[in-house]
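A quick write-up on the structure given underneath.
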Amino acid sequence: MLLTTRMLEDRLSEYGNPRNRIGRMVDAGELIQVRRGLYETDRTVAGCGLAPSIYGPSYLSFEYAMARHGLIPEAVHVFTSATCAKRKSRSYENAYGRYDYQDVPVSVFSLCVELVREPGYPYWIATPEKSLCDKLYKLPPVANKVEFETLLLDDLRIGEDSLGSLDLNAVAMLARRYRCRNVMRLASYLRGMRR
């Protein structure tokens, strides 16, 4: 169960110094500090479910979501999330893992995300199309189609089969909202693959 410092102070009000008691509970392993002012009581909770509580509003995206959807072959050990209107990246590390947060445009923030309900806490995750668009949005623009193909196939290591399975209509809709050269190139590249 996630608990804030305030909630714990209320529960521990019979102690002379509830904050010292919280510190002792962390030292004893009864509480796990997730970030400053936020604690978890369950060591077995999935780290992905904590991501939106650590820094939000946010949804899992970028490399983490790309790996979960099978777009990239590598295992990703960082919970990468998208935020909006924060204007700077953030990183947190705790017993559950590393959490990285980066901004995406407000105009696309709520589009193409899915609610996942697994044991633990529900969380939002980008669809395959959205996670790739988020990643491309954060990369420097490429100059031409050849460089873009190298970026997708060699640098990001996305398989052609995975690219072919993406929803072209979703990517085209997202491209109009991002107004980003790399995302526009993705829509164009996918149209070319299907001709």
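The values are calculated or read from the model by the stated rules, or taken from the named source; none is laboratory data. Worth saying up front: this structure is predicted, and the values here are computed from it rather than measured. For neighbour counting, all protein chains shown are included, and Cβ atoms are generated from backbone atoms with ideal geometry for every residue, glycine included.
Here are a few things to note about the model shown:
- Meets criteria (of a type in the set (D, E, K, R) and in contact with a Leu (Cβ under 9 Å, 6 or more places away or on another chain)) for Lys135: yes
- Every pair of residues 6+ apart whose Cβ atoms lie under 7 Å, when the first sits in region 1-15 and is touching a residue at least 60 places away in the same chain (Cβ under 8 Å) while the second is not in a helix (DSSP H, G or I): Leu2/Leu38; Leu2/Glu40
- Annotation: Phe148 fulfils all but one of (1) under 13 Å from Leu186 (Cβ atoms); (2) touching a residue at least 60 places away in the same chain (Cβ under 8 Å); the unmet one is (2).
- Where Arg87 falls short, out of the listed (1) among the basic types (Lys, Arg); (2) modelled with pLDDT of 95 or more; (3) in a loop (DSSP other than H, G, I, E, B): (2)
- Number of the condition not met by Ser110 [criteria: (1) surrounded by fewer than 20 Cβ atoms within 10 Å (Cβ to Cβ); (2) at pLDDT below 95]: (2)
- Within region 113-124, residues that are farther than 22 Å from Asp167 by Cβ have Cβ atoms under 6 Å from residues that are outside any strand (DSSP E or B) and not hydroxyl-bearing (Ser, Thr, Tyr) in these pairs: Gly120/Val45; Gly120/Ala46; Gly120/Gly49; Tyr121/Gly49, counting only partners at least 6 apart in sequence or on another chain.
- If the condition is being hydrophobic (A, V, I, L, M, F, W, C) and surrounded by fewer than 19 Cβ atoms within 10 Å (Cβ to Cβ), then region 113-133 contributes Leu115, Val116.
- Within region 146-169, not a single residue is out of contact with any Cys (no Cβ under 6 Å at 6 or more places or on another chain), part of a strand (DSSP E or B) and surrounded by fewer than 19 Cβ atoms within 10 Å (Cβ to Cβ).
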